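Please read the structure below before turning to the comments.
The values are calculated or read from the model by the stated rules, or taken from the named source; none is laboratory data. Since we're looking at a predicted model, the values are computed, not measured. Backbone-built Cβ (ideal geometry, glycine too); neighbour counts: all protein chains shown. SASA here: full protein model, heavy atoms, side chains in, ligands and nucleic acids out. Shrake-Rupley method; radii C 1.70, N 1.55, O 1.52, S 1.80 Å.
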Amino acid sequence: MKKAAVIIAVISAAVAAALLIYDGVFMKTANVGFFAMNTYVSAELKGADSQKCAQKISDITARLDTEVLSRTSENSEIHSVNQNGSGVLGSELGGWIAELLQVCKKSGGAFDFTLGGVSDLWSFGSNPRVPDGQALADALSHSGYEKLTLSGNNLTLSDRAAVIDLGAAGKGIALDKIKEAVEKSRVSHAVVSVGGSVLLYGDKTFTVGIRDPEGGAGRYIAKLSVEQSCVSTSGSYEQSFEKDGRKYHHILDPETGYPVDNGLVSVTVISESGLLSDALSTACYVLGIERGSKLAAEYGCRAVFITQDKKIYLSGVSRDVIEITDNSYTFAEQ
Ligand code: AMP
Ligand code: MG
């Protein structure tokens with residue numbers, strides 16, 4: 001009996017050790033958070049390469065911003081085009097610009113990534129203010145995606161005062177690059193958020209929160225169940241200020257240069273592509289529920305629209321996959 005007990009103890013210890021080794025070697029995890037691309041990036045990774053992959057994600061976001069997408073970093077491709085009025089883009093950036101120009105066209109100009117001069121006047125990031133009307137009209141006259149010509153990878157601005165600003169799509173583009181890195185690694189599951197855009201990677205159903213437009217970060221009004229995808233939310237709560245009892249936010253109507261005021265507070269778009277989820281969440285916000293739903297459907301994407309009067313409109317999203325967690329919100333009759 002004594003011998004049997006020893007054998008059992010040895011086997012148990014061996015199994016426990018094997019499990020520990022398995023967990024340590026094969027089921028590694030990483031949880032990291034840092035600032036990049038003017039926002040907070042967080043990554044939860046599961047799988048053998050988690051630590052290595054977390055470092056890659058940090059490298060990707062830093063490099064993409066400073067060398068490619070940023071319009072303030074002096075070493076970036078976009079900065080160079082804005083300065084020189086033209087440039088030969090790297091093939092990746094050329095492809096992204098082509099896709100974004102298509103979103104500009106398909107949205108009838110509601111999405112327009114040449115509003116940099118107008119955004120600068122509002123200065124949402126640093127010293128927000130309501131711009132002078134004449135200055136706004138001037139900046140608006142120098143914006144417009146029709147002023148861009150992309151021929152192969154040659155990008156030209158017909159108006160030297162136009163300012164390319166990829167703020168509405170850059171975070172989603174980063175998710176696509178991060179997904180490529182995750183796919184090449186031995187990470188099995190990943191949840192990576194770059195500001196309001198999140199990559200859900202792996203073979204399972206994920207739950208993502210739709211943020212409470214009136215509450216701070218970490219407060220949600222609904223839970224969405226989705227498979228592997230990119231989910232981006234554009235919200236009027238992201239960058240905003242109040243002046244004389246009026247609220248101003250960073251999503252601009254390209255026709256007026258003023259913040260979009262159409263009764264929406266946020267739009268969430270679900271797509272396989274990070275670029276599309278991000279660009280379309282902004283485009284759908286500007287377009288409003290009806291035209292936004294059509295655009296999302298044209299791209300095979302799903303969308304959730306939240307209105308100021310606390311109604312939730314679904315476009316291609318079944319009610320089975322969304323659970324309202326704040327009872328002051330209700331589904332709109334559609
Ligand atoms: P997002 O949070 O992804 O909706 O992006 C908002 C950012 O995109 C703003 O901070 C501006 O930099 C830029 N932006 C504002 N209005 C537009 C618009 N109508 N089309 C494209 N980009 C815009
Ligand atoms: Mg966006």
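As for the range 285-295, it holds at least one residue that is within 25 Å of His249 (Cα to Cα), within 12 Å of ligand 2 (Cβ to nearest atom), out of contact with any Lys or Arg (no Cβ under 6 Å at 6 or more places or on another chain) and hydrophobic (A, V, I, L, M, F, W, C).
Annotation: Ser240 fulfils all but one of (1) under 21 Å from Val118 (Cβ atoms); (2) surrounded by fewer than 18 Cβ atoms within 10 Å (Cβ to Cβ); (3) touching a helix residue (DSSP H, G or I) at 6+ places or on another chain (Cβ under 8 Å); (4) not charged (D, E, K, R); the unmet one is (3).
Filtering Leu157, Leu166, Leu148 for residues that are within 20 Å of Ser232 (Cα to Cα) and crowded, with 17+ Cβ neighbours inside 10 Å leaves a single hit, Leu166.
Could you please find all residues in the range 267-298 being among the hydroxyl-bearing types (Ser, Thr, Tyr) and touching a residue at least 60 places away in the same chain (Cβ under 8 Å)?
First, the residues of the range 267-298 that are among the hydroxyl-bearing types (Ser, Thr, Tyr): 268, 271, 273, 277, 281-282, 285, 293.
Residues satisfying the conditions are Ser273, Ser277, Ser281, Thr282.
If you go through the range 245-268 one residue at a time, do you hit one that is closer than 26 Å to Gly144 by Cβ, under 11 Å from the mean Cα position of the chain (by Cα) and open to solvent by less than 10 Å² (accessible area, probe 1.4 Å)? No; the residues of the range 245-268 include none that is closer than 26 Å to Gly144 by Cβ, under 11 Å from the mean Cα position of the chain (by Cα) and open to solvent by less than 10 Å² (accessible area, probe 1.4 Å). Residues of the range 76-113 that are open to solvent by less than 10 Å² (accessible area, probe 1.4 Å) and within 15 Å of ligand 2 (Cβ to nearest atom): Leu100, Val103, Cys104, Ser107, Phe111, Phe113.
Would you say Arg129 is outside any helix (DSSP H, G or I), open to solvent by 40 Å² or more (accessible area, probe 1.4 Å) and either closer than 23 Å to Val198 by Cβ or in contact (Cβ under 8 Å) with a residue 12 or more places away in the chain (or both)? Spell out how you get there, then give the answer.
Working: outside any helix (DSSP H, G or I): yes; open to solvent by 40 Å² or more (accessible area, probe 1.4 Å): yes; either closer than 23 Å to Val198 by Cβ or in contact (Cβ under 8 Å) with a residue 12 or more places away in the chain (or both): yes.
Judged against the criteria, Arg129 is a match.
For the range 276-306, which residues satisfy the criterion of being more than 11 Å from ligand 1 (Cβ to nearest atom), at negative phi and open to solvent by less than 30 Å² (accessible area, probe 1.4 Å)?
Pass one, the range 276-306, residues more than 11 Å from ligand 1 (Cβ to nearest atom): 276, 288-306.
Those left that are additionally at negative phi: 276, 289-299, 301-306.
Matches in the range 276-306: Leu276, Gly292, Ser293, Leu295, Ala296, Cys301, Ala303, Val304, Phe305, Ile306.
Out of Ala54, Ala62, which single residue is touching a residue at least 12 places away in the same chain (Cβ under 8 Å), in contact with a strand residue (DSSP E or B) (Cβ under 6 Å, 6 or more places away or on another chain), open to solvent by 30 Å² or more (accessible area, probe 1.4 Å) and assigned to a helix (DSSP H, G or I)?
Values: Ala54 fails: open to solvent by 30 Å² or more (accessible area, probe 1.4 Å).
When all the criteria are applied, what remains is Ala62.
Suppose we filter the range 209-237 for residues that are away from ligand 1 (no atom under 16 Å from the Cβ) and either among the charged types (D, E, K, R) or open to solvent by less than 20 Å² (accessible area, probe 1.4 Å) (or both); how many remain? Summing the residues that are away from ligand 1 (no atom under 16 Å from the Cβ) and either among the charged types (D, E, K, R) or open to solvent by less than 20 Å² (accessible area, probe 1.4 Å) (or both) in the range 209-237 gives 11.
Can you pull out every residue in the range 288-320 that is part of a helix (DSSP H, G or I) and under 15 Å from Ser232 (Cβ atoms)? Step through it out loud before you land on a result.
Residues of the range 288-320 that are part of a helix (DSSP H, G or I), as a first pass: 288-298, 319-320.
Matches in the range 288-320: Gly292, Leu295, Ala296.
Does Ala190 qualify as being more than 14 Å from ligand 2 (Cβ to nearest atom) and in contact with a Lys or Arg (Cβ under 6 Å, 6 or more places away or on another chain)? Against the criterion (more than 14 Å from ligand 2 (Cβ to nearest atom) and in contact with a Lys or Arg (Cβ under 6 Å, 6 or more places away or on another chain)), Ala190 does not qualify.
Quick check: is even one residue across the range 169-187 touching an Asp or Glu at 6+ places or on another chain (Cβ under 9 Å), open to solvent by 10 Å² or more (accessible area, probe 1.4 Å) and of a type in the set (Ser, Thr, Tyr)? Checked the range 169-187: at least one residue is touching an Asp or Glu at 6+ places or on another chain (Cβ under 9 Å), open to solvent by 10 Å² or more (accessible area, probe 1.4 Å) and of a type in the set (Ser, Thr, Tyr).
Scan the range 37-46 and tell me whether some residue there is at pLDDT 95 or above and in a helix (DSSP H, G or I). No: zero hits.
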